[in-house]
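S.K.: First the structure, then my questions, so here it is.
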Amino acid sequence: MVQKNIDKGTAVRFVRKYLGCFTAAAAIGESSHDIPMLTVHFIRKHAARCGKSIESIEEGVIASLMNHAWPGNVRELENTIERAVVLTTGSTLTCTAVTFESMSVRGTGMPSLNIRENVEWVERETIRRALAMSRVKQDAARLMGISPRALSYYLDKYRNVDESRVLV
């Protein structure tokens, strides 16, 4: 159903309704039925921007987004999806990539306003998730799209990343 609406172009109308026509973005509130369509739109937008190919959404992601009590506006949903896209290591957006905890500074979606700190946070978080998903460093490197040697470099750079459960 969501894919048919995207193909018909109705998602564009919803996004314009929520983001383009108002100076302040609309609250999600009673419009939670629009979340699936907005989610697909934001995944495509941010995956293209990040150079990623996200082809599917894990079962349960849309339900958790719809069940979440969104205190803010549609930009909060977009920030959540953007963060999930950045943290996704494969072609499927998973439930583990979607986080709701507020860890942003002034609504930016990043841990700080310092760009170097943000890049380091994304690198550490990506490494942590890849290591959690695989038990072998070579597999973690493949998930991240880097060589095992590059992963070793990052593990040396971020010594506090937990790699105790990973086999060499």
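S.K.: Contact list please: Cβ distance under 8 Å, first residue in segment 20-37 and at pLDDT 75 or above, second residue surrounded by fewer than 15 Cβ atoms within 10 Å (Cβ to Cβ) and assigned to a helix (DSSP H, G or I), pairs at least six apart or on different chains.
M.R.: Listed pairs, sorted by first residue: Met37/Thr10.
S.K.: What's the number of the only condition in (1) closer than 27 Å to Ala132 by Cα; (2) under 15 Å from the mean Cα position of the chain (by Cα); (3) modelled with pLDDT under 90 that Val61 fails to meet?
M.R.: (3)
S.K.: Could you please find all residues in segment 127-147 being surrounded by fewer than 16 Cβ atoms within 10 Å (Cβ to Cβ), out of contact with any Leu (no Cβ under 7 Å at 6 or more places or on another chain) and on the phi < 0 side of the Ramachandran plot?
M.R.: Those that are surrounded by fewer than 16 Cβ atoms within 10 Å (Cβ to Cβ), out of contact with any Leu (no Cβ under 7 Å at 6 or more places or on another chain) and on the phi < 0 side of the Ramachandran plot: Ala132, Gln138, Ser147.
S.K.: Quick one: is Ser53 surrounded by fewer than 20 Cβ atoms within 10 Å (Cβ to Cβ), at pLDDT 90 or above and within 15 Å of the chain's Cα centre (by Cα)?
M.R.: Yes: the conditions hold for Ser53.
S.K.: What about His46, is it exposed (fewer than 11 other Cβ atoms within 10 Å of the Cβ) and either part of a helix (DSSP H, G or I) or modelled with pLDDT of 85 or more (or both)?
M.R.: Judged against the criteria, His46 is not a match.
S.K.: Give the residues of segment 58-77 that are buried (at least 16 other Cβ atoms within 10 Å of the Cβ) and closer than 15 Å to Ser31 by Cβ, sorted by residue number.
M.R.: Residues satisfying the conditions are Ile62, Leu65, His68, Trp70, Asn73, Val74, Arg75, Glu76, Leu77.
Listed here are the residues, each with its yes/no results for (1) of a type outside the set (S, T, N, Q); (2) at pLDDT below 85.
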{"position": "Ile57", "(1), (2)": "yes, no"}
{"position": "Glu76", "(1), (2)": "yes, no"}
{"position": "Arg83", "(1), (2)": "yes, no"}
{"position": "Thr99", "(1), (2)": "no, yes"}
{"position": "Asn118", "(1), (2)": "no, yes"}
{"position": "Arg129", "(1), (2)": "yes, no"}
{"position": "Gln138", "(1), (2)": "no, no"}
{"position": "Gly145", "(1), (2)": "yes, no"}
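The values are calculated or read from the model by the stated rules, or taken from the named source; none is laboratory data. Keep in mind that this is a model prediction, so the values were computed, not measured. Because the Cβ atoms are built from the backbone with ideal geometry, glycine has one as well, and the counts that use them run over all protein chains shown.
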